[in-house]
Structures are given as C-alpha cells and as structure tokens.
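Written below as structure tokens is the structure these notes are about.
The values are calculated or read from the model by the stated rules, or taken from the named source; none is laboratory data. Note that the coordinates shown come from a computational prediction; the quantities given were computed from them, not determined experimentally. Using ideal geometry, Cβ is built from the backbone for each residue, glycine included, and neighbour counts are taken over all protein chains shown.
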Amino acid sequence: MSLIRVVDKKTGQVHHVTAEQLAQRRAPRVARSRTSGGKRIVMRDLKGKSSTRHGHHYAGEDMKGHHAEVVPGESIRLFGVDTNRVNGPVEYDITFHVGDYAIYEGYNLTYTGPIVKIAANTVSIDANSTGRARLKRLTIAEFNRDNRHYDAEKIAKRNSEWRD
C-alpha cells in the first residue's frame with residue numbers, strides 16, 4: 001500500500017493518504033449555482049447601501065415598510081406601504097418580469113429600459129435602446145425606490161411635457 005502526499009492549499013499542511021482516502025476526498029461535489037435556482041426570496045424592510053467617503057461613514061437609507069419578493073431569473077414583486085407621501089400612506093404592489101420596462105434613473109426626464117436580468121440582489125436594465133448594450137445595475141432597494149409607483153402612461157406624459 002503506497003501513500004500519496006497531499007498538501008492543503010489553505011493551511012499548507014502536508015498529509016499522507018492512501019488512494020482510497022484520496023478518492024473519498026475528491027468525491028464529486030454538488031455544484032452550487034450563484035443564483036437561488038428559481039427559489040423565492042423575500043426581503044423585508046429594505047435598506048440602501050452604506051458607503052464611506054473621505055473617512056466618513058454614511059449609513060444606507062432605512063426603508064421601513066418597503067419589501068421585495070425576488071425569483072431570480074424570472075420576476076421581482078415590490079410591495080409595502082409608502083408613508084412619505086403628502087396625502088398620507090399609500091399601499092403598493094407591483095410585479096416586474098424579465099423583458100418588462102422599468103425606470104433606471106431620472107431627475108427632470110425619467111429614463112426607462114427593458115429588464116435584462118433579475119438576480120438575488122440586483123436588477124439589470126438595458127440603458128441604451130440604440131442597439132449598443134449598456135447595462136444599468138440597480139440594487140433591490142434602488143429598484144424599489146424608483147419603480148414602486150411605476151406608471152408608463154404618466155412617465156410618457158411627463159417626459160413629453162418636459163421636452164416641450
């Protein structure tokens with residue numbers, strides 16, 4: 001019976017094992033996908049990204065009452081109660097699928113594009129409709145903030161009025 005020398009890559013330790021032991025160690029592993037494999041992920045009370053600039057830490061925006069339900073590769077559902085409104089709290093519940101149009105940015109004009117990819121933590125939107133691929137990747141919190149009251153007719157009307 002011969003021994004095989006095996007070096008652990010993480011620790012650098014040397015082990016001497018038999019061929020049977022080595023075969024057991026190298027048993028095929030179940031591949032883990034980076035997505036959740038179509039499983040439903042529910043996120044409650046979303047929180048924006050925290051950042052640090054010039055040594056100062058800025059906490060992400062707490063979005064109490066804003067929730068999302070994500071099925072990676074398929075759809076995202078935004079639901080909750082928007083309490084920061086002039087006329088009182090407004091409930092919302094809207095679902096987007098891959099291929100649907102959504103807002104990716106805007107101030108004076110509101111820019112929309114088709115959703116290309118929905119991942120566990122981000123939504124990618126095609127930000128250029130001229131044929132040249134340019135993706136805009138939004139976190140779930142950013143996507144919720146921009147799209148919870150999405151209405152294509154209002155957006156088209158507002159953009160046309162602003163351009164006049």
Discussion item. Need pairs with beta-carbon distance below 9 Å; first residue surrounded by 11 or more Cβ atoms within 10 Å (Cβ to Cβ) and of a type in the set (A, V, I, L, M) and within segment 35-49, second part of a loop (DSSP other than H, G, I, E, B) and at pLDDT below 90; sequence gap 6+ or separate chains.
Written reply: LEU46/GLU61; LEU46/LYS64
Worksheet item: Can you find a residue in segment 60-82 that is more than 15 Å from ARG148 (Cβ to Cβ), part of a strand (DSSP E or B), of a type in the set (Phe, Trp, Tyr) and in contact with a strand residue (DSSP E or B) (Cβ under 9 Å, 6 or more places away or on another chain)?
Response: no
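Taking the condition free of Cβ contacts under 8 Å to residues at least 24 places away in the same chain and farther than 22 Å from LEU78 by Cβ, does SER124 pass?
So SER124 fails the test.
Could you please let me know if GLU61 is surrounded by 10 or more Cβ atoms within 10 Å (Cβ to Cβ), modelled with pLDDT under 90 and not aromatic (Phe, Trp, Tyr)?
The answer is yes for GLU61.
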Item to complete: Output the number of the condition that ALA141 fails; it satisfies all remaining conditions of (1) under 18 Å from VAL42 (Cβ atoms); (2) more than 14 Å from the chain's Cα centre (by Cα).
Response: (2)
